[in-house]
Amino acid sequence: MNSIYQYFRAIWYGFSSLWKGMMLTGHYLVHPKKILTQQYPENRDTLYIPERFQGEVVLPHDENNEHLCTGCTICEMNCPNGSIKIITRSVETPEGKKKKELDEWVYHLGLCTFCGQCIDACPQNAIKMDNSFEHSVYDRKLLTKVLNQPGSKLKSAKK
Amino acid sequence: MQLSISLLEITRAIDSWLNSVFHPHLAYGIELVLAGVAVILLVVAMAILMVYAERKLAGFMQLRLGPMRVGKWGTMQAVADVMKLLLKECLTPTNSDKLMFRVAPFVVTIVSFMTLVPIAFAKGIQLWDINIGVFYITAVSSLSVIGILMAGWSSNNKYSLLGAMRSGAQIVSYELSGGLALIVVVMMSGTLSISGIVQAQADGWWIIKGHIPVIIAFVTFVITSTAELNRAPFDLAEAESELTAGYHTEYSGMQFAMFFLSEYTNMFVLSMVAATVFLGGWMPFHIAGLDGLNHFMDYIPGIVWFFGKTFFILFLIVWFRWTFPRLRIDQLLKLEWKYLLPVSIINVLFAAFIALMGWYL
Amino acid sequence: MTKEELKSYLEKTFPGMTQEENIDFLVLWVEKDEIFEVARKLKEDEATRFDFLFDETAIDWQTHFEMVYHMTSTTYRHDLEIKVKLEDRDHAELPSMEPLWKAAEMYENEIYDLFGIRFSGHPHLRRIFMSNEWKGYPLRKDYQDDDVISL
Amino acid sequence: METNDIKHDEFVINVGPQHPSTHGVLRLELWLDGEEIIDSKPHLGYIHRGIEKMSEALGYKQFIYLTSRMDYLSAHINNQACSLAIEKGLQIEAPARAQVIRVLMAELTRLASHQLWWGALGLDLGAVSPFFYAFREREMILEIFEETCGSRLTMNYITPGGVVNDLHPDFVRKVKVLIEQLKGNLHEYYQLLTGNVIFQARTRGVGILSAEDAVSLGCTGPVARASGVKCDVRKLHPYDGYDKVEFKEVLNDKGDNFARYWLRIEEMKQSIYIIEQLIDNIPEGSYREKLKGIVKLPAGEYYQRVETARGELGVYLVSDGKKEPYRVRFRTPNFSNLNALRPMMKGAKIGDMVSMMATLDLIIPDIDR
């Protein structure tokens, strides 16, 4: 008798548990307001991107086309993947001294893992992370960028 | 006045026009082709609609939107999928049994279309009102397992073979209680013909009139038809997390689309059978004695009633699929042999008793 | 047992074996031939019961290999590090710990794969990470990769 | 077992490296007799990147970012382990604020990881919907990470000497919202899977791992705890102030799939409890002790154990006094948890294989490194 009772109890338990699960999916079916999907390209304007989001490394320039990078290559040494290459040139200052200056700040976006160690290490705070995230291109060569703008120079120290 | 009658008149008009133009034998042939094409087109269109509806429903159940890109609200998504599958190459594995590999999708599709023959869509809209309609459907639908076994065997893929073997064991065993569930209603109606069963429900659907035994039979039938369709939670034959795609792992392009189409056609047929047998087919909602209500219900055309009921059962099946986890093969067979079959057998006895005594509601 | 108790106990049980202490563990230096017996004793001794081998690795000191076994006891919760020096880098071989701790099977496979140390008595020594045809043992310090691809 | 040993009716199938249920590129060779599994053998190395070798060429601060790529679902905890090992070598300790932030982040990581596991378990067993419900809360956690750390999966936030950034001003509020929602939604987990009769049939009494086997095979984390082995590093060797918070080490002695499932759900509740204790008591002060540009550890060896979402992660650093570590060894939890698969799978069905792999919660990059 007990086994028959157990048999029907199992059937009842099975059906009730299945019904509970169906009620949950059914609940969400009739509550379309709870849908979480974001329609990406359409919602580009309202997309929330936190300001700390690490998209790519940029070298900010001010209105005089001046940046803060001295070409010390500390970022290059700190980069674990070798995605940064600093090319320097030596120029002669008006006083006649030879001085190293940034020539090209080469950034391989394709190698970058966005660990942020270059920004962390930079003694001048010359570079920072940008929020842009739409990086896809059709040619790998386009992923290698030169960050300093043509004709830019080091911001002269305030006197 | 009623759409079901007007549809009947249209078919009669076509029949008399064809007979007046052509030789009666030729006219009969043309009628057969026309009717077949009409039903197949209807079902294919329904299947495409169903694919879209299922994806949307699944999306809403899972806090998603479902397809949204092709057409307004993604309405053309299923059409786009069909186009893509049509244009894709049908690959045949090198070491497969090539003839069987190519025949298998046709077997499955043809079988699923054959089961459409005795279904009554509305009053008079029926391809062939044979007097063994229910028997015909159960007999023919079990043929689809042959196509699945052929596909699994000929692919020369161990995953496919495992899937096909699972499917074979599953369909063969679940047919038993599925058949027993239908027998309950057959006994009460006293006929195997589909139109006869529908007529027997003129003063109340069996699920209401036949109370407990028919409700049990209905639940059993829904479970077994989900199992026979190889749909979740009984989708062991294709269990994508275990066997990648089961018996149709090696199929691509249109051959795959035919398996897909046959799955949806089978879904339709079994829902239509359930709607006909348990929920009164195209018969409007009637309660014996309440003539006012019955008369009012008759204003809604039979075809609306029929597809309404069909879609209700389809919705149930879709709902199951997106809620439940999958059973294991031994549990699946245990469910059939230890729960469904004993319950169905006792239920048949109970129903026979009720039918003999005439204890209907 | 605390570190000190364990230290005195080990001195008593294995006289003559060097012990040292680093920031985390007590280190027991064992000769290559005795390692299996020592490990078996440590595991089966009721007072120590080192039943959990949680790490096994090797270090390539260019002149020799050093095998490192980290073990702990789930009953007493004391840890021990055993070190073995392997002088012969080309034909380094050690008894397998698999009969004592089943976990050692995979660790030893890994060490064989990356360092080339062989383990006698191992049920199925194979290269688990690198392909079977791979030349050289990558974690050795003198490993040279011939075909470096740079982007 | 070798291919030659196959008897008449048996056959071999390869599960993976591309298979939906292996969650990555693990390849299992299965010997089958019909549906029954006779033996299995894992083949690894499909995502072996040589992190240990790469670390030998990088500085102490630099190699930490690689560890985020091992167990990518416990990225914070991996970084924490390396940072702690380096701090041990430098004999410094992170400021109190940084320690609390680390614990908070670690517990949030554990929650996120367990949620992904829960969803993927449902997916493996054929239920698709749990995946999306699990991702709803996981998305909130990832958003919190994104705001504070700047990225969602491989954060590289915890660094020797503290953490890289201070907490985002919105952090506390968002975590509180998350906890409220999680508490409300845990009963949905019960409705959808835990109580479900099919789910119970699939997990109860399946894939039993005995306590002796768990110890001998070196299993840690929820896998071993579900067999009744006490192995929570947070309790045994507390780090970063885990000894100051109150929580329970969840244990179960059944050792089957359901025990592992239940244990992870309970662990999520414990994580919520830890976060609740700390969220209002984050001490003020500095969040980072700035280290020198080039870190050099004194010669010697340092071993640091932490509890990731999957078990015990050991970081073994051997230094010879140079600016690069001489040898780095990661004792990863999944590598030894994988051992449990073979004894569990003997005599099971193919369908069980899937549920066992799901409850072991294997992350293949963590096995291969």
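The values are calculated or read from the model by the stated rules, or taken from the named source; none is laboratory data. Being a predicted model, the structure only gives us computed values, none of them experimental. Heads up, the Cβs are rebuilt from the backbone with ideal geometry, glycines too, and the neighbour counts pull from every protein chain shown.
Among the residues of the range C:59-74, are any away from chain D (no Cβ under 11 Å), touching a Phe, Trp or Tyr at 6+ places or on another chain (Cβ under 8 Å) and either farther than 23 Å from D:Ser336 by Cβ or of a type in the set (D, E, K, R) (or both)?
No, that holds for no residue.
For the range B:47-104, how many residues meet the condition of being more than 28 Å from D:Gly122 (Cβ to Cβ), outside any helix (DSSP H, G or I) and not β-branched (Val, Ile, Thr)?
10
So for the range C:38-54 (the condition being within 19 Å of D:Ser319 (Cα to Cα), touching a Gly at 6+ places or on another chain (Cβ under 8 Å) and within 14 Å of another protein chain (Cβ to nearest Cβ)), does at least one residue qualify?
Just the residues of the range C:38-54 that are within 19 Å of D:Ser319 (Cα to Cα), to begin with: none.
Scanning the range C:38-54, I find no residue that is within 19 Å of D:Ser319 (Cα to Cα), touching a Gly at 6+ places or on another chain (Cβ under 8 Å) and within 14 Å of another protein chain (Cβ to nearest Cβ), so the answer is no.
Within the range B:127-147, restricting attention to residues that are within 19 Å of B:Gly36 (Cα to Cα) and small (Gly, Ala, Ser), which residue is farthest from the chain's Cα centre (by Cα)?
If we take residues in the range B:127-147 being within 19 Å of B:Gly36 (Cα to Cα) and small (Gly, Ala, Ser), then B:Gly133 is farthest from the chain's Cα centre (by Cα).
For the range D:344-353, indicate whether the set of residues that are within 26 Å of the chain's Cα centre (by Cα), within 10 Å of another protein chain (Cβ to nearest Cβ), closer than 29 Å to D:Lys235 by Cα and at pLDDT 85 or above is non-empty.
At the first step, the residues of the range D:344-353 found to be within 26 Å of the chain's Cα centre (by Cα) are D:344-346, D:348, D:350-353.
Okay, now just the ones that are also within 10 Å of another protein chain (Cβ to nearest Cβ), so D:348, D:350-353.
The next check asks that each one be closer than 29 Å to D:Lys235 by Cα; those that pass are none.
Checking the range D:344-353: not a single residue is within 26 Å of the chain's Cα centre (by Cα), within 10 Å of another protein chain (Cβ to nearest Cβ), closer than 29 Å to D:Lys235 by Cα and at pLDDT 85 or above.
If I ask for residues that are facing another protein chain (nearest Cβ under 10 Å) and basic (Lys, Arg), which ones from the range C:115-139 would you list? Please lay out each step first, then the result.
Start the filter on the range C:115-139 by keeping residues that are facing another protein chain (nearest Cβ under 10 Å), which leaves C:124, C:126-131, C:134, C:138-139.
Hits for the range C:115-139 are C:Arg126, C:Arg127.
May I ask you to verify whether D:Thr220 is within 30 Å of B:Glu336 (Cβ to Cβ) and either crowded, with 18+ Cβ neighbours inside 10 Å or within 12 Å of chain C (Cβ to nearest Cβ) (or both)?
Considered against the rule, which asks whether it is within 30 Å of B:Glu336 (Cβ to Cβ) and either crowded, with 18+ Cβ neighbours inside 10 Å or within 12 Å of chain C (Cβ to nearest Cβ) (or both), D:Thr220 comes out as no.
From D:Ile47, D:Ile37, D:Ile13, D:Ile92, grab the single residue that is within 11 Å of chain C (Cβ to nearest Cβ) and β-branched (Val, Ile, Thr).
Only one candidate qualifies: D:Ile47.
So, in the range D:16-34, of the ones that are away from chain C (no Cβ under 14 Å) and part of a strand (DSSP E or B), which residue ends up farthest from the chain's Cα centre (by Cα)?
So in the range D:16-34, the residues away from chain C (no Cβ under 14 Å) come out as D:16, D:18-24, D:30-34.
Next, only the ones that are part of a strand (DSSP E or B) stay: D:30-33.
Working: D:Leu30: 26, D:Trp31: 29, D:Leu32: 30, D:Asp33: 33 Å.
Per the criteria, the residue is D:Asp33.
Among the numbered criteria (1) within 12 Å of another protein chain (Cβ to nearest Cβ); (2) outside any loop (DSSP other than H, G, I, E, B); (3) surrounded by fewer than 23 Cβ atoms within 10 Å (Cβ to Cβ), which one does D:Arg97 miss?
That leaves (1) as the condition not met.
Report whether or not B:Gly308 is small (Gly, Ala, Ser) and buried (at least 24 other Cβ atoms within 10 Å of the Cβ). Write out each step before concluding.
Values: small (Gly, Ala, Ser): yes; buried (at least 24 other Cβ atoms within 10 Å of the Cβ): no.
For B:Gly308, the condition - small (Gly, Ala, Ser) and buried (at least 24 other Cβ atoms within 10 Å of the Cβ) - is not met.
Filter the range B:181-197 down to residues that are more than 19 Å from B:Val222 (Cβ to Cβ) and within 19 Å of the chain's Cα centre (by Cα), then give me how many there are.
Total satisfying the criteria: 3.
If you go through the range A:95-117 one residue at a time, do you hit one that is at positive phi and in contact (Cβ under 8 Å) with a residue 60 or more places away in the chain?
yes
Can you tell me which residue is surrounded by the fewest Cβ atoms within 10 Å (Cβ to Cβ) among those in the range A:118-154 that are free of Cβ contacts under 8 Å to residues at least 40 places away in the same chain and within 13 Å of another protein chain (Cβ to nearest Cβ)?
A:Lys141
Which residue is nearest to the other protein chains (Cβ to nearest Cβ), if the candidates are limited to the range C:76-107 and must be under 21 Å from D:Asn339 (Cβ atoms) and part of a loop (DSSP other than H, G, I, E, B)?
Of the residues in the range C:76-107, the ones under 21 Å from D:Asn339 (Cβ atoms) are C:79, C:82, C:94-107.
Going one step further and asking which of them are part of a loop (DSSP other than H, G, I, E, B), we end up with C:96-103.
Numbers: C:Ser96: 14, C:Met97: 11, C:Glu98: 10, C:Pro99: 11, C:Leu100: 8, C:Trp101: 6, C:Lys102: 5, C:Ala103: 3 Å.
Ranking the qualifying residues of the range C:76-107, first place goes to C:Ala103.
Restricting to the range D:123-154, give me the number of residues that are within 14 Å of chain B (Cβ to nearest Cβ) and on the phi > 0 side of the Ramachandran plot. First the steps, then the outcome.
Residues of the range D:123-154 that are within 14 Å of chain B (Cβ to nearest Cβ), as a first pass: D:123-140.
Still in the list and also on the phi > 0 side of the Ramachandran plot: D:126.
Of the residues in the range D:123-154, 1 are within 14 Å of chain B (Cβ to nearest Cβ) and on the phi > 0 side of the Ramachandran plot.
Looking only at the range D:321-334, decide whether some residue is buried (at least 24 other Cβ atoms within 10 Å of the Cβ) and among the small types (Gly, Ala, Ser).
So far as the range D:321-334 goes, no, none of its residues is buried (at least 24 other Cβ atoms within 10 Å of the Cβ) and among the small types (Gly, Ala, Ser).
Among the residues of the range D:60-82, which ones are within 14 Å of chain A (Cβ to nearest Cβ), charged (D, E, K, R) and either buried (at least 24 other Cβ atoms within 10 Å of the Cβ) or in contact with a Gly (Cβ under 9 Å, 6 or more places away or on another chain) (or both)?
D:Lys61
Hey, among D:Ala85, D:Ala57, which residue is of a type in the set (Gly, Ala, Ser), within 14 Å of chain C (Cβ to nearest Cβ) and surrounded by 23 or more Cβ atoms within 10 Å (Cβ to Cβ)?
Working: D:Ala57 fails: surrounded by 23 or more Cβ atoms within 10 Å (Cβ to Cβ).
Of D:Ala85, D:Ala57, the one residue that is of a type in the set (Gly, Ala, Ser), within 14 Å of chain C (Cβ to nearest Cβ) and surrounded by 23 or more Cβ atoms within 10 Å (Cβ to Cβ) is D:Ala85.
When the residues of the range D:260-284 are filtered to those that are more than 14 Å from D:Asp232 (Cβ to Cβ) and of a type in the set (Lys, Arg), which remaining residue is surrounded by the fewest Cβ atoms within 10 Å (Cβ to Cβ)?
D:Lys269
Name the residues in the range D:59-84 that are in contact (Cβ under 8 Å) with a residue 60 or more places away in the chain, more than 17 Å from D:Pro333 (Cα to Cα) and not in a helix (DSSP H, G or I), would you? Quick ask: steps written out before the conclusion?
If we filter the range D:59-84 for residues that are in contact (Cβ under 8 Å) with a residue 60 or more places away in the chain, which is where we start, we get D:59-61, D:63-65, D:67-84.
Of the ones still in play, those that are also more than 17 Å from D:Pro333 (Cα to Cα) are D:59-61, D:63-65, D:83-84.
Once the filter is applied, which keeps residues that are in contact (Cβ under 8 Å) with a residue 60 or more places away in the chain, more than 17 Å from D:Pro333 (Cα to Cα) and not in a helix (DSSP H, G or I), the range D:59-84 yields D:Gly59, D:Tyr60, D:Lys61, D:Phe63.
Table: residues versus (1) part of a helix (DSSP H, G or I); (2) more than 19 Å from B:Val111 (Cα to Cα); (3) of a type outside the set (Asp, Glu).
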residue: B:Val134; (1), (2), (3): yes, no, yes
residue: B:Val140; (1), (2), (3): yes, no, yes
residue: B:Leu149; (1), (2), (3): yes, no, yes
residue: B:Trp153; (1), (2), (3): yes, no, yes
residue: B:Asn156; (1), (2), (3): no, yes, yes
residue: B:Ser160; (1), (2), (3): yes, yes, yes
residue: B:Ser167; (1), (2), (3): yes, no, yes
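Collect the residues in the range D:155-166 that are within 11 Å of chain A (Cβ to nearest Cβ) and among the hydrophobic types (A, V, I, L, M, F, W, C), keeping them in residue-number order.
If the condition is that a residue be within 11 Å of chain A (Cβ to nearest Cβ) and among the hydrophobic types (A, V, I, L, M, F, W, C), then D:Met155, D:Val164 are the ones that fit.
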